[in-house]
Amino acid sequence: MIDPRAAASALLAGRERILALVRELLFSSDADVDLVGPRHSGRSTVVDAVASSAVDARRTVLRVNGVRSLRESPLAALHAAGFGVVPSGERRTASPLQQAIDALTAVLGSGPAALLLDDADLLDDASTGAIDAVRRATRTPVLRTRARMDDGSSAAYVIELEPLEYGELRSVVVERLGAPVDPGAMSRVYSLCGGNVGLALALTELAVLEGRLALRSGAWCATGELWSRSLRGALEGQLSGLAAAERAALERIAVTGAGDVASTRGLVDPVALDGLAAAGVLRIVPHRGRRLIALDPPVLGAHLRDRAQVDAPRTDAAFVQFVHAAADSLREESAAAWRERPEPATALGLARALMADTGLAPGCGAELDAVLTASAELPGDPLDVAELAVLRARRSVALGAAPGAAVDALRAEIAGLGPFERLADAAAVMLAVEIGAEPAVQEERLRDDPDLPPPVRSRLIEAARAVALRRGRFEDAVRLLDTLAAVPGASASSREAAAHAYALLGAGRHADAVAWAERGAAAARERLDAGAVREHSVALGLCHLLADRPTDAAGALTTASALGTPAVPGAAIQVALNVLTAVIAVRRGDTSLAERIRDELAAGLPASSGEGAPSAVRVGVQWVEAQLAAGRGRPDEAAELLRELSSTLSLHGELPTAALALLTSLEHAIDDAGLEEARALLERQQSELHDAHLAFVRARAEPGGVDLPALAERLASTGRAGPAAALQCPTGEATDSGGFFSTPIALTDREREITRLVAAGLSNPEIASRLVLSVRTVESHVSRVMRKTSAANRGELVALAVRLAP
């Protein structure tokens, strides 16, 4: 049972200064105050506290609440508060308005008093007029709460309720739930609700009731997405005061994913946009010459898209359209700047715009080469000159040069630039990592040196993080982000920002990794950053797939798949996107899609593999081959392919991927030599994700003496829901542990028969009638098939039915 006083105290977290100010203005200065904030921002809680203070100060308190449904009824608000109502049997001697005024005067004119008008913008006009007349006559101070500013207000002071900071909101939620909240889960709450305290409490309490927040080891942890359709009522309340044109404009923004004001041209009336900003449901934030749009609270976007029942492809199509439009605009602006001022700085801007993360636009290759050539001898800022040289090296790799040769040419080009020569060391790593090759540079050359210029330090730290991730030193990679943040003026690139999700995942912090990737993808989407969307979406897709959530993984990858390909062919991030898509396809029984992905990857393989490390493309092809073998019911063949791949990757220093391949193969073909190989491989890493996985493999082979519940909890914390669940199965029972290794979708004859009837459009009662079964039995079969196929709904099951047919 929650103590109401303790709950009220918690709700005031972060509002103490505002409460003290309101009390001072009302009770000491007898001033009128407007308190402005969106619905659920804690306005009423402040009014409650002020009312208690007024009583303690021996002031008469008169509180009137505005009610939307009563707004059109004259004097309804005052009547609801008990003023101006003629008792039954008494004769009416004055107008209703005069009676209300007389009743108010009798209360407020007898001594010190305070008027508290909650939701003042919802009061009917007659009540507002009566209150205003009495307030002026008795000189009673008034506190009004409003959802938006009122230019006609007579208040001497207007106080805005700003969103709570993260720590303040966390205090409120922890107090309400009665236990700590996992940082990853709390981060997701904050990302959905911003600092809106009432909405955060509604979301977390619903999540507890619906099982999406669970108490584990004394802390509330997220077990799934926190957004719920049950929040519709609370969110519709946020929108209840909008005009029809404003509501329509907000829906268009949410559905299309418009990230800035420029993207809304032709879609949204500028007047409606201003109205949304005034209503507090949308913020326009200046950023690098753009006016970015952010919904407030952010969860409004999910709500409006859900209300509009917009399917992902339409939303993605609009977003991709905006991305390409923004890229075209940037190319035009950069080209104009280069023509006007041909110098390294403008050449760098144009080259970056041409090497867009959506791939080179038609005809842009020749323009890029011309700019890179024309700017080669231009004098300018050493950093710009060096960065241009790095882009020339990247372009060289894109045209087929080996990273080592490209870096040698880079070193020769920037010789004589002093400390900026060190950018070649960073480039040697990043160019190799971009295509999945082994970096040819000693780690000692990547050590941070405070005497270097900040941009050089940033690049070297990013390169050191990339090497740490490649070696499986995830804890080091996490720490290096803090090192990077301490460099003056430093900011991580989109690739490095997304790489932090992999570091968290490898360190066993699955919930934090998901939260980081979700925030990064959402922020990238708002600023129309195709590269960052791709990087964060792939990281999020991997997190979901390892957690045995293929539907969520597919959703995370959908937009990234539609963005085109990076400017460097065979880029590791694009290969990873393709491999994850193929894995999901096989898990759903769509082997034809996986085969197409494999063939497209294979078409990009070099004619000769050479003696160096395998490219990302070659690794991707072999992994998809293993996945297809598993999907066709040949797990031994799949395990052998992954075992071979692990040995090759381990030899060339790609240790985390080698560990994942080896452990996945051992799940289905375990032997002592493989276990020893895995142990030796993980000794060289810092990976709770893989350490827990190895413990799982050992437990499946020799369950005796293993604390299975503790191991299951350990696996769950690393996001491995499939293995955690598998530990609860009887020994020898076949399970699909999820992740990268897929077993065939095995349906019984009855399940296949019912699936075909679902695909034919029959309802459950119709299927029951045709097969002479009970409706409950049919529902059970359909539910089981959806679980086996990971179909999120009946529509997805229909789409899969053809591929599941024998």
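The values are calculated or read from the model by the stated rules, or taken from the named source; none is laboratory data. In this text, all values refer to a predicted model and were calculated from it rather than measured experimentally. Quick reminder, even Gly has a Cβ in these numbers, built from the backbone with ideal geometry, and neighbours come from all protein chains shown. All accessible areas refer to the heavy atoms of the entire protein, side chains included, with ligands and DNA or RNA removed. Shrake-Rupley method; radii C 1.70, N 1.55, O 1.52, S 1.80 Å.
Once the convex hull of the C-alpha atoms of the range 4-160 is built, how many Å³ does it hold per residue, rounded to a whole number?
On the way: hull volume 19.9 nm³, N = 157.
Each residue corresponds to 127 Å³ of Cα convex hull volume.
Taking 0.36 nm per intervening residue step and subtracting the Cα-Cα distance, what contour gain separates Ser592 from Glu72 on full extension?
Answer, rounded to one decimal: 181.0 nm.
Can you list the equivalent-ellipsoid semi-axes of the range 525-575, largest first and in whole Å, using the square root of 5 times each Cα gyration tensor eigenvalue?
Working: eigenvalues 75, 33, 14 Å².
Value: 19, 13, 8 Å, ordered largest first.
Computed FRET efficiency, Cβ-Cβ of Leu417 and Glu475, R0 25 Å: what is it to the nearest 0.05? The calculated FRET efficiency here is 0.15. Between the beta carbons of Leu651 and Ala277, assuming R0 = 56 Å, the FRET efficiency works out to 0.45 to the nearest 0.05.
Our summary gives the range 141-199 a relative contact order of 41 percent, counting only alpha carbon pairs under 8 angstrom and 6 or more residues apart. Dividing the summed helix terms, -39500 (n - 2.57) for each DSSP H run of n ≥ 4, by the number of residues in the chain produces a 222 nm estimate of -19000 deg cm²/dmol to the nearest 500. Here's the picture: charge each Lys and Arg Cβ at +1 and each Asp and Glu Cβ at -1 in the chain, and of Pro723, Val624, Gly418 the one pushed furthest to the positive end of that dipole is Pro723. Residues of the range 400-439 falling in the label zone of Asp449, defined by backbone nitrogen less than 16 Å from a point 7 Å along Cα to beta-carbon, are 411, 414-428. What you get for the range 233-312, charging only the Cβ of Lys and Arg (+1) and of Asp and Glu (-1), is a dipole of about 300 debye around the Cα centre.
Placing a label point 7 Å from the Cα of Glu175 along the Cα-to-Cβ direction, the residues of the range 29-45 whose backbone N falls under 16 Å of that point are 41-45.
Amide H contacts for Val158 (H built 1.01 Å from N in the peptide plane; partners 5 or more residues away or on another chain; cut-off under 5 Å): Asp34. Among beta bridges from DSSP that stay inside the chain, the antiparallel ones total about 35%. Between Ala658, Leu504, Gly436, the Cα set farthest toward the positive side of the dipole of the chain (charges on each charged residue's Cβ, about the Cα centre) is that of Leu504. Distance between the pseudo-spin-label points of Val61 and Asp125 (7 Å out from Cα toward the beta carbon): 3.2 nm. Any idea how far apart Arg679 and Arg527 come out in nm if each label point goes 7 Å out from Cα toward Cβ? If labels sit at Arg679 and Arg527, their model points lie 4.7 nm apart.
Over the range 373-526, one equal point on each Cα, no solvent: what is log10 I(q)/I(0) by the Debye formula at q = 0.10, 0.12 Å⁻¹? Reported log10 I(q)/I(0), two decimals: -0.37, -0.53. Using a simple spin-label model with points 7 Å from Cα along the Cα→Cβ vector, what separation in nm is obtained for Arg632 and Glu340? Once both label points are built, they end up 6.0 nm from each other. Dimensions of the range 166-226 along the principal axes, based on C-alpha atoms and rounded to the nearest Å, stand at 25, 19, 17, largest first.
Starting from the coordinates of the alpha-carbon atoms of the chain, obtain the Kirkwood hydrodynamic radius over all distinct pairs and give the value in Å to one decimal. Display every interim value, and only then the final one.
Values: mean 1/r = 0.0331 Å⁻¹.
Computed over the chain, the radius equals 30.2 Å.
Ligands, DNA and RNA aside, Thr373 has an accessible area near 100 Å² when probed at 1.4 Å. When only Cα pairs below 8 angstrom with a gap of at least 6 residues are kept, the chain shows a relative contact order of 8 percent.
Of Arg139, Arg770, Arg290, which has the most accessible area and how do the rest follow, probe 1.4 Å?
The ordering from most to least exposed comes out as Arg139, Arg770, Arg290.
Remark: relative contact order (the range 4-160) = 35 percent; criterion is Cα-Cα distance under 8 angstrom and separation of 6 or more residues.
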